[in-house]
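The values are calculated or read from the model by the stated rules, or taken from the named source; none is laboratory data. Just so you know, these numbers come straight off a predicted model, no measurement behind them. Cβ: placed from backbone, ideal geometry, glycine included. Neighbour counts: every protein chain shown.
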Amino acid sequence: MSDNDFHFYEPSRGHGLPHDPFNAIVGPRPIGWISSHDARGRLNLAPYSFFNGFNYVPPIIGFSSVGRKDSLNNIEATGEFGWNLATRPLAERMNASCAAVPPEVDEFELAGLTPVASRMISVPRVAEAPVSFECRLTQIVRLQTASGEQVDTWLVLGEVVGVHIAQDLLPGGIYQTAAADPILRGGGPADYFTISEAARFRMRRPAA
């Protein structure tokens, strides 16, 4: 393929397309459905599309807060947060929890979800979610450009210190990813994806 077969752009100069393709290219992405509370105990629940796992042992997950949002402020104050699996049956309630509301508004209540006590941390998890992680803050990293200029985005990393998995997702002790019916964020202003057993394929790493 030649250069004429590609659309090239420099992000700093704009993409020249109807919608920024970056989020669609890096996707679909798992959703960081983050539960937290502030120093006064007021609950917060919010989804983040820049989310993933970053380490096996110890397990470390992270999400990126574009702008200083309540989740970031709460986790800075308490050093704890939860992650809850957003699934297709919970999609509409997950979406309701991302409403731009004041810090005193409880998104659990707003979205019709049930907070249930965690075992290792003081932050509750979503009772309706089939999988939840209890996390303790390890790092907050403010992102910067290649030239060293700080941007208003913070990467929040946490060690997973407790894991809750619904028993029906563990037949024979093996977690069934597709059976959990997770939703994934895609590109465009409103695109999400699901996964299915039919889409699975296996490929092992080459032998050393």
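Yes/no matrix, rows are residues, columns are (1) farther than 26 Å from Pro115 by Cα; (2) surrounded by 18 or more Cβ atoms within 10 Å (Cβ to Cβ):
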| residue | (1), (2) |
| --- | --- |
| Phe8 | yes, no |
| Gly14 | yes, no |
| His37 | no, yes |
| Arg42 | no, no |
| Ala46 | no, yes |
| Asn52 | no, no |
| Gly62 | no, yes |
| Ser65 | no, yes |
| Asn73 | no, no |
Problem - Yes/no for Ala129 being at negative phi and free of Cβ contacts under 8 Å to residues at least 40 places away in the same chain - result: no
Problem - Extreme residue, surrounded by the most Cβ atoms within 10 Å (Cβ to Cβ), among residues of segment 96-122 that are in contact (Cβ under 8 Å) with a residue 60 or more places away in the chain and closer than 16 Å to Lys69 by Cβ - result: Ser97
Problem - Filtered residues of segment 8-20 (kept if at pLDDT 90 or above and either within 21 Å of Thr145 (Cα to Cα) or among the charged types (D, E, K, R) (or both)) - result: Phe8, Tyr9, Glu10, Pro11, Ser12, Arg13, Gly14, His15
Exercise for the section: Answer yes or no: is there a residue in segment 174-183 that is at pLDDT 95 or above, of a type in the set (Asp, Glu) and exposed (fewer than 14 other Cβ atoms within 10 Å of the Cβ). Expected result: no
